[in-house]
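Here's the structure we're looking at; comments come further down.
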Amino acid sequence: MIPWELIDSAQAPGGGELCLYRRGREYSIQVNGNELMNSRVHGSEEALAELACARIADRPAPRILIGGMGMGYTTAAALQRLGADGRVVVAELVPAVVEWNRGPLADLAGFPLDDDRVTVREQDVALVLRAEHQAYDAILLDVDNGPEAMTHRGNEWLYSRAGLEASFAALRPPGVLAVWSAGPDRAFTERLRRAGFQVHEVRVPARGKALGGRQHTIWLGVRGPETTDSVTQHGKPALG
């Protein structure tokens, strides 16, 4: 088997080391020895954008905020579903991750950062949420490991009641907050509701359309008049 090759490293938020590895055509981003993402497993990251964009498909000139760049798959999926008048703002705290997405990772998702509809902000998405009011039609959060922050305890604010209320305020009604997580979390579902969202909880295959294997969780929190209850249908969401 081809060994992993260290391509680059950077300081991770809160300490530790964020490392980019390559093995043939496969890439892995790890922090302190724990894998955060892998280029072979990105179906749920794409689903995050697909589910959110489906909610705002009829909006003129939609504006989307993506928290966490990852390997660019969520951004690319959003761009594929937006028209020429759509705009995507990507907030990424670690400058090296932006550099990797402009360099060795760029072609994985089809060079999404070269699209004129994309603006990259090298800052904590929490700062963006605190500063903007009714600015976005959709907010997509793929930060850390989800509500159970693994790499940086500071990320917990995003998933707290205060963070969710900030996301609610940053959405244009009836906007949607889409949140990626490695697994389910009942307490987080309840926090979404208490922050004012109508909640839809969806399980999606980690590898996309591939059958079997690991599943990830995506919450859709809608700021609007909808009343559909949370639902999970084996990776096939019934969104009402």
Completion exercise
Note: probe point = Cα of residue 11 + 7 Å toward Cβ; backbone nitrogen < 19 Å; residues of the stretch 88-121 passing the test are 92-100
Completion exercise
Ranked by GNM mean-square fluctuation in the chain (Cα springs under 10 Å), the top entry among 169, 57, 106 is 57
Practice task
Give me the distance between the Cα centres of the stretch 79-93 and the stretch 120-193, rounded to whole Å.
Solution key: 17 Å
Practice task
Given the options 167, 181, 39, state which has the largest fluctuation in a GNM of the chain using a 10 Å cut-off (strictly under) for Cα springs.
Solution key: 39
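Only the coordinates and a few stated rules stand behind these numbers; no lab work does. The shown structure was predicted, so the numbers you read here are calculated from the model rather than taken from an experiment. Virtual Cβ from ideal backbone geometry, glycine too; neighbours counted across all protein chains shown.
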